[in-house]
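Chemist: Here it is, the structure, as structure tokens.
All of the numbers you see were taken from the coordinates with simple rules; none came from a lab. A quick note: this is a predicted structure, and the numbers were derived from the prediction, not measured. No Cβ is skipped: glycine too gets one built from the backbone with ideal geometry, and neighbour counts run over all protein chains shown.
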Amino acid sequence: MCEKKIHDGLQDVLACKSSICRIEMIDGKAILEYRGYDIHELAQHSTFEEVAYLLLFGELPTKSELEAFSEELKELRELPPQIIGLLTHLSPFSHPMVVLRTAISYLGTMDKHIHHKSHEKSLQKAKSLIAKFPTIVAYFHRIRSGQNLVHPSDELSHAANFLYMLHGVEPTKTEAKAMDLDLVLHADHELNASTFAARIAASTLADIYACVVAATGTLMGPLHGGAAQKVMEMLREIAVPWRAEEYVKMKLERGERIMGFGHRVYRGVVDPRTIELRALAEKLAKEKEPKWFEISRAVEEAVYKYKGLFPNVDFYSASVYANLGIPDDLFINIFAISRISGWTAHIIEQYENNRLIRPRAFYVGEAGRKYVPIDQRG
Ligand code: CMC
């Protein structure tokens with residue numbers, strides 16, 4: 001008999017103290033805050049640079065602090081030639097998330113201070129990774145599609161510059177704002193699987209690149225950040241809004257999951273990020289291609305009707321990215337471009353208040369078996 005309670009999937013387990021992200025259910029409504037600031041307020045007023053600063057330093061920056069931080073990020077955007085060489089040598093058919101984690105690992109080999117974990121050094125590495133993620137993703141995409149590299153522009157914000165490097169033309173105001181808002185909304189989410197992976201690695205005092213590689217690998221799975229790419233596959237398969245209900249019903253009858261629905265933490269409540277992303281997807285749909293949003297709405301209604309589930313952060317991200325002209329297989333990378341800010345904030349917090357994360361498993365295999373020499377095994 002198992003007397004100890006097993007927390008399957010570590011559901012509802014409090015694994016550490018953190019002052020970075022707060023998720024709370026109050027009166028049937030979900031509250032999400034970064035460092036105490038409500039996500040809806042940040043979505044309305046903030047920018048990715050400001051949110052990244054907030055996550056890393058714990059406070060909203062003053063005007064001059066924000067300017068200095070944004071300038072620093074700009075100066076760190078360009079990639080060393082060795083990394084560009086690596087991107088050129090990797091198979092153009094590799095998934096861009098595999099490429100991203102390979103490039104992060106390579107960046108680690110070029111950091112002479114890779115093992116230094118002082119607050120200052122860790123912040124420096126965090127800023128460099130935040131600044132370089134968009135460049136890695138955009139450069140690989142241009143290389144694999146046989147296009148010239150578009151180098152970072154000092155004139156553009158983090159979000160606008162990413163779209164510029166990816167597409168080779170400056171985004172419109174609406175596109176830049178949409179990208180920026182998406183990055184704000186994905187920046188942190190407490191102990192989601194990839195952040196937890198990063199913290200586990202950090203708890204062994206592994207270097208920051210190792211922690212970020214662990215997080216990047218974990219984010220890629222379809223039950224986590226990989227869901228947005230799967231959502232897009234689904235929207236393409238459904239193709240027209242009137243087919244959504246039939247599709248959802250059929251999938252659920254077969255016992256299959258609908259990607260972009262359900263959440264470990266928001267059970268029976270709406271993910272606050274979904275509210276913002278739905279509104280953003282609708283706004284873009286009015287100005288660009290309305291089809292993806294219309295199919296998404298029909299899917300949302302059908303999943304609620306047949307399963308009572310709400311969409312999660314990955315669901316409306318898909319139609320937002322499609323309307324920003326982002327290829328489907330870069331969707332997870334966009335998540336990473338934002339979440340690197342949260343990952344690094346958590347890694348630094350873990351380093352500074354560390355205890356090795358090492359849970360136990362409840363053993364259910366055979367016990368006390370006698371070793372049998374190989375020539376006696378039948
Ligand atoms: N489609 C159909 N049924 C679902 C889904 C779904 N997407 N998600 C949960 N359920 C059902 C599940 O079958 C179970 O039903 P029942 O009680 O009838 O057996 C019930 O909801 C509870 O599910 P669970 O397995 O306890 O949920 P979990 O907390 O273990 O898993 C999840 C959470 C996100 C992995 C899951 O909801 C899922 O697989 N969703 C689809 C993938 C996805 O969208 N992932 C993105 C997650 S959010 C952002 C991020 O982390 O990147």
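Chemist: For segment 148-238, build the charge dipole from Cβ charges (+1 Lys, Arg; -1 Asp, Glu) around the Cα centre, then report which of LEU163, MET232, HIS151 sits farthest towards its positive end.
Modeler: MET232
Chemist: Right, another one. Which chymotrypsin sites (Phe, Trp or Tyr not before Pro) in segment 57-124 sit in a loop by DSSP (not H, G, I, E or B) and have at most 14 other Cβ atoms within 10 Å of their own Cβ? Please report the intermediate quantities before stating the final value.
Modeler: Numbers: sites: PHE57, PHE69, PHE93, TYR106; in loops: PHE93.
Loop-located and lightly packed - PHE93.
Chemist: Please arrange LYS370, LYS305, LYS121 by how many other C-beta atoms lie within 10 Å of their C-beta, fewest to most. Working shown, then result.
Modeler: Working: LYS370 4, LYS305 11, LYS121 15.
Placing the least packed residue first, the sequence is LYS370, LYS305, LYS121.
Chemist: Here's another thing I want to ask about it. Express in nm, to one decimal, how much length is gained between VAL240 and LYS121 on full extension, taking 0.36 nm for each residue of separation and deducting their alpha carbon distance.
Modeler: 37.7 nm
Chemist: If you place +1 on the Cβ of every Lys and Arg and -1 on the Cβ of every Asp and Glu, how big does the dipole about the Cα centre of segment 227-323 come out, in debye to the nearest 20?
Modeler: 180
Chemist: Then there is this: Looking at the chain as a GNM with Cα springs under 10 Å, which of GLY168, GLY260, GLY226 has the largest mean-square fluctuation?
Modeler: Per the Cα network of the chain with a 10 Å cutoff, GLY168 tops the list.
Chemist: Please state the shape class of the chain: rounded when a/c is under 1.5, otherwise prolate if a/b exceeds b/c and oblate if not, all from the C-alpha gyration tensor.
Modeler: Rounded, since a/c falls under 1.5.
Chemist: Here's a follow-up. With +1 on the Cβ of every Lys and Arg and -1 on the Cβ of every Asp and Glu, and nothing else charged, how large is the dipole of the chain about its Cα centre, in debye rounded to the nearest 20?
Modeler: The calculated dipole for the chain is roughly 1380 debye.
Chemist: Could you work out the relative contact order of segment 227-323, using alpha carbon pairs under 8 angstrom and six or more residues apart, expressed as a whole percent?
Modeler: Relative contact order, segment 227-323: 44 percent.
Chemist: Another question, if that's okay. Evaluate the relative contact order of the chain (contact order divided by residue number), counting alpha-carbon pairs under 8 angstrom at least 6 apart; express in whole percent.
Modeler: Here the relative contact order equals 21 percent.
Chemist: To continue, here is another question. Tell me whether segment 258-374 comes out rounded, prolate or oblate; compute the Cα gyration tensor, take square roots of the eigenvalues as a ≥ b ≥ c, and use a/c under 1.5 as the rounded threshold.
Modeler: prolate
Chemist: Tell me the label-point distance for the pair ARG264, LEU149, using the 7 Å Cα-to-Cβ offset, in nm and rounded to one decimal.
Modeler: Roughly 3.7 nm, to one decimal.
Chemist: Here is a follow-up. Which length gain, in nm to one decimal place, applies between ASN353 and VAL98 when the Cα-Cα distance is subtracted from 0.36 nm times their residue separation? Working shown, then result.
Modeler: On the way: separation 255, 0.36 × 255 = 91.80 nm, distance 3.07 nm.
Fully extending the segment from ASN353 to VAL98 adds 88.7 nm.
Chemist: I've got another one for you. Using a simple spin-label model with points 7 Å from Cα along the Cα→Cβ vector, what separation in nm is obtained for VAL364 and MET25?
Modeler: Between VAL364 and MET25, the label points sit 2.5 nm apart.
Chemist: Which order do the peptides 185-198, 310-323 come out in when sorted by mean C-beta neighbours inside 10 angstrom, highest first?
Modeler: 310-323, 185-198
Chemist: Would you calculate, for the chain, the mean residue ellipticity at 222 nm contributed by helices, counting each DSSP H stretch of 4 or more residues as -39,500 (n - 2.57) and dividing by all residues, to the nearest 500?
Modeler: It lands at -18000 deg cm²/dmol.
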